[in-house]
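Asker: My questions all concern the structure below.
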Amino acid sequence: MSQIDKKAIQEEYQLHPGDTGSSDVQVALLTKRIEQLTEHLKQHKKDHSSRYGLIKMVSARRRLLNYLKQKDSERYKALIKKLNIRR
(Lines give C-alpha, C1' and ligand atoms only; values in the text may rest on other atoms or scores of the structure.)
Protein backbone atom coordinates (compact mmCIF):
# COMPACT_ATOMS: atom_id res chain seq x y z
CA MET A 1 0.00 0.00 0.00
CA SER A 2 1.44 3.35 -1.00
CA GLN A 3 1.79 6.35 1.29
CA ILE A 4 -0.85 8.18 -0.75
CA ASP A 5 -3.37 5.39 -0.13
CA LYS A 6 -2.58 5.37 3.59
CA LYS A 7 -2.95 9.13 3.82
CA ALA A 8 -6.33 9.02 2.06
CA ILE A 9 -7.60 6.32 4.42
CA GLN A 10 -6.33 8.21 7.48
CA GLU A 11 -8.04 11.42 6.35
CA GLU A 12 -11.31 9.59 5.73
CA TYR A 13 -11.49 7.78 9.09
CA GLN A 14 -9.73 10.20 11.46
CA LEU A 15 -11.65 11.53 14.44
CA HIS A 16 -9.82 14.88 14.50
CA PRO A 17 -7.13 16.51 12.33
CA GLY A 18 -3.80 14.75 12.70
CA ASP A 19 -5.36 11.54 14.04
CA THR A 20 -3.33 8.57 12.80
CA GLY A 21 -3.64 6.06 15.61
CA SER A 22 -7.27 5.83 16.66
CA SER A 23 -8.98 2.46 16.49
CA ASP A 24 -11.05 3.60 13.51
CA VAL A 25 -7.98 4.46 11.43
CA GLN A 26 -6.14 1.29 12.43
CA VAL A 27 -9.11 -0.92 11.53
CA ALA A 28 -9.53 0.85 8.18
CA LEU A 29 -5.84 0.38 7.31
CA LEU A 30 -5.90 -3.26 8.36
CA THR A 31 -9.05 -3.84 6.30
CA LYS A 32 -7.39 -2.41 3.19
CA ARG A 33 -4.29 -4.59 3.69
CA ILE A 34 -6.45 -7.66 4.34
CA GLU A 35 -8.33 -7.07 1.08
CA GLN A 36 -5.08 -6.71 -0.87
CA LEU A 37 -3.56 -9.82 0.68
CA THR A 38 -6.71 -11.83 0.03
CA GLU A 39 -6.47 -10.96 -3.68
CA HIS A 40 -2.79 -11.96 -3.66
CA LEU A 41 -3.58 -15.32 -2.06
CA LYS A 42 -6.24 -16.08 -4.68
CA GLN A 43 -3.46 -16.13 -7.29
CA HIS A 44 -0.70 -17.62 -5.12
CA LYS A 45 -2.36 -20.47 -3.26
CA LYS A 46 0.87 -21.94 -1.88
CA ASP A 47 2.16 -18.73 -0.27
CA HIS A 48 1.81 -19.95 3.29
CA SER A 49 3.90 -17.22 4.92
CA SER A 50 1.56 -14.55 3.54
CA ARG A 51 -1.42 -16.61 4.69
CA TYR A 52 0.03 -16.62 8.21
CA GLY A 53 0.43 -12.83 8.03
CA LEU A 54 -3.18 -12.51 6.89
CA ILE A 55 -4.38 -14.52 9.88
CA LYS A 56 -2.37 -12.26 12.21
CA MET A 57 -3.86 -9.13 10.62
CA VAL A 58 -7.41 -10.47 10.89
CA SER A 59 -6.78 -11.26 14.58
CA ALA A 60 -5.40 -7.77 15.22
CA ARG A 61 -8.42 -6.20 13.53
CA ARG A 62 -10.74 -8.41 15.57
CA ARG A 63 -9.09 -7.27 18.83
CA LEU A 64 -9.36 -3.60 17.83
CA LEU A 65 -13.03 -4.04 16.92
CA ASN A 66 -13.74 -5.77 20.23
CA TYR A 67 -12.10 -2.85 22.07
CA LEU A 68 -14.10 -0.33 20.07
CA LYS A 69 -17.33 -2.24 20.68
CA GLN A 70 -16.76 -2.06 24.45
CA LYS A 71 -15.79 1.63 24.47
CA ASP A 72 -18.22 3.13 21.95
CA SER A 73 -20.77 0.81 20.37
CA GLU A 74 -22.24 3.50 18.09
CA ARG A 75 -18.84 4.25 16.53
CA TYR A 76 -18.30 0.49 16.21
CA LYS A 77 -21.58 0.01 14.33
CA ALA A 78 -20.89 2.95 12.03
CA LEU A 79 -17.38 1.68 11.25
CA ILE A 80 -18.60 -1.86 10.50
CA LYS A 81 -21.22 -0.48 8.14
CA LYS A 82 -18.83 1.94 6.44
CA LEU A 83 -16.12 -0.70 5.89
CA ASN A 84 -18.67 -3.37 4.96
CA ILE A 85 -17.25 -5.92 7.41
CA ARG A 86 -19.32 -8.94 8.33
CA ARG A 87 -19.99 -9.33 12.03
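Asker: Restricting to the stretch 66-86, and then to whatever is surrounded by fewer than 10 Cβ atoms within 10 Å (Cβ to Cβ) and assigned to a loop (DSSP other than H, G, I, E, B), can you tell me which residue is modelled with the lowest pLDDT?
Answerer: ARG86
Asker: Now for a different question. Any idea which residue in the stretch 34-65 is surrounded by the most Cβ atoms within 10 Å (Cβ to Cβ), counting only those that are of a type in the set (Gly, Ala, Ser) and either closer than 20 Å to ARG87 by Cα or under 13 Å from the mean Cα position of the chain (by Cα) (or both)?
Answerer: Across the stretch 34-65, the extreme among qualifying residues is ALA60.
Asker: For residues that are exposed (fewer than 13 other Cβ atoms within 10 Å of the Cβ) and not hydrophobic (A, V, I, L, M, F, W, C), scanning just the stretch 6-19, find the one that is farthest from LYS71 (Cα to Cα).
Answerer: So, considering only residues that are exposed (fewer than 13 other Cβ atoms within 10 Å of the Cβ) and not hydrophobic (A, V, I, L, M, F, W, C), the one farthest from LYS71 (Cα to Cα) is LYS7.
Asker: Could I ask something else about it? Using beta carbons and a limit of 8 Å, which pairs, at least six apart or on different chains, have the first residue in the stretch 8-32 and part of a helix (DSSP H, G or I) and the second one at pLDDT 95 or above and among the aromatic types (Phe, Trp, Tyr)?
Answerer: Within 8 Å, the pairs are SER23/TYR67.
Asker: Based on what the data block shows, is HIS40 at pLDDT 95 or above and under 18 Å from ASP5 (Cβ atoms)?
Answerer: yes
The values are calculated or read from the model by the stated rules, or taken from the named source; none is laboratory data. Treat the numbers as computed from the prediction; the structure is a model and nothing was measured. When we count neighbours, we look across all protein chains shown, and the Cβ atoms used for this are built from the backbone with ideal geometry, even at glycine.
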